[in-house]
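Worksheet: the structure to be examined is printed underneath.
The values are calculated or read from the model by the stated rules, or taken from the named source; none is laboratory data. Just so it is clear, the model here is predicted, and its values are computed rather than measured. Please note: Cβ atoms are built from the backbone with ideal geometry, for glycine as well, and neighbour counts cover all protein chains shown. Side chains are part of the model used for accessible areas, which takes the heavy atoms of the whole protein and leaves out ligands, DNA and RNA. Shrake-Rupley method; radii C 1.70, N 1.55, O 1.52, S 1.80 Å.
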Amino acid sequence: MTNANLPIQQLTQYEPGFYKELLDHLSDGVYFVDRERRILYWNEGASRLTGYTAEELLGRCCQDDILCHVDYAGHQLCHEGCPLTATIATGDMHEASVFLRHKQGRRVPVSVRVQAIRDNRGEVIGAIEIFSDDSARNEAQRKTEAMNRLAFLDHLTQMPNRRFMEMTLRTALAETQQHGDPFGLLLIDLDGFKEINDSFGHSCGDRTLQETARTLTGSLRPTDTVGRWGGDEFLAIVRNVDKSVLAMLAQRCVTLAAKTSLHSNDERMISVSISVGAALSRPGDSAESILQRADDLLYRCKAAGKGCALAE
């Protein structure tokens, strides 16, 4: 019988290679060390994030300072404050945000999680470290801080405010006039927001806006820009789209928002619904003309019963 035909219980019980293949397919870096911090296992994710292969590191010790872990204050963690050392000493899980040195010399920000490995008697015999690339999160944080300094941040939702979105819209229009590539505008309204405030209180209304903001940010692509337009309205500017892609993005926002819910202070359920008017830019458009078309489409959505999207 081939491995492909083995029941999953048999495969996991008798094939150590199954576990290695499973760990190697993780995007996170994973490695095991013994009590002397000697590296016993190094997965492919660790190789991708650091540039070092398993052959280069197996059998070597962390205290050799191969990755030169430092914290945000610049302290060398391999010599003092190492999460691995702390976990091996106490058996407790440790987490940290650190910088490792890539084989090519650059610094890579990573989130580190360390857990103890124990034998059958419960004694700590080593530790496993899982680390993830934090570059995207750090970049997002830097952008947020920069926007905050420039008064471009909506403090309730932590997303771009109207001033920033107006500037982005003007930029998109100028680029379209110069290069001819259309962009789309999504005008998004939170359905029944006044009723949420009246029924559950303004604190629940604020939480609803915050959760909707997170949902919209996750629904759109990294290249799209979404911000709070004012009150219970949001605006998204989506580039490199045609009418079908625009309609798909608008409907995705509606669908994912409908799957968002939260509890009020007295544990009642608050359901979220949005309506979206999606307008594709046209030659000669101004900010006012494309916003008006999106607003007209949004009004038609509201009249049709809310919780829907229209794109033109």
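Entry remark, the stretch 82-105: residues being open to solvent by 30 Å² or more (accessible area, probe 1.4 Å), of a type outside the set (S, T, N, Q), part of a loop (DSSP other than H, G, I, E, B) and over 25 Å from Asp119 (Cα atoms) number 2 in total.
Close contacts from the stretch 170-196, counting a first residue that is closer than 21 Å to Ser286 by Cβ and modelled with pLDDT under 95 and a second that is open to solvent by 10 Å² or more (accessible area, probe 1.4 Å) and of a type in the set (Lys, Arg), with Cβ to Cβ under 7 Å and a gap of 6+ residues or different chains, come to Ala172/Arg239. Residues in the stretch 246-255 that are open to solvent by 10 Å² or more (accessible area, probe 1.4 Å) and either touching a helix residue (DSSP H, G or I) at 6+ places or on another chain (Cβ under 8 Å) or farther than 20 Å from Arg228 by Cα (or both): Ala247, Met248, Arg252. Considering the stretch 180-213, the residues that are more than 14 Å from Asp266 (Cα to Cα) and part of a loop (DSSP other than H, G, I, E, B) include one that is most open to solvent (accessible area, probe 1.4 Å), namely Asp181. Taken over the stretch 275-305, the residue count meeting the criterion of being farther than 17 Å from Asp242 by Cα, in contact (Cβ under 8 Å) with a residue 24 or more places away in the chain and loosely packed, with under 14 Cβ neighbours inside 10 Å is 2.
Yes/no matrix, rows are residues, columns are (1) more than 22 Å from the chain's Cα centre (by Cα); (2) free of Cβ contacts under 8 Å to residues at least 60 places away in the same chain; (3) open to solvent by less than 50 Å² (accessible area, probe 1.4 Å); (4) closer than 14 Å to Ser275 by Cα:
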position	(1), (2), (3), (4)
Leu220	no, yes, yes, no
Thr223	no, yes, no, no
Glu233	yes, yes, yes, yes
Ser244	yes, yes, no, no
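For the stretch 22-47, residues that are touching a Ser or Thr at 6+ places or on another chain (Cβ under 8 Å) and under 19 Å from Arg107 (Cβ atoms) total 4.
Total residues in the stretch 148-165 satisfying the condition of being open to solvent by less than 70 Å² (accessible area, probe 1.4 Å) and in a helix (DSSP H, G or I): the figure is 2.
Take the residues in the stretch 256-271 that are of a type in the set (Ser, Thr, Tyr) and surrounded by 16 or more Cβ atoms within 10 Å (Cβ to Cβ), then tell me which one is nearest to Thr212 (Cα to Cα).
So the residue we want is Thr260.
The single condition among (1) modelled with pLDDT of 90 or more; (2) in contact with a His (Cβ under 9 Å, 6 or more places away or on another chain) that Pro83 does not meet is (1).
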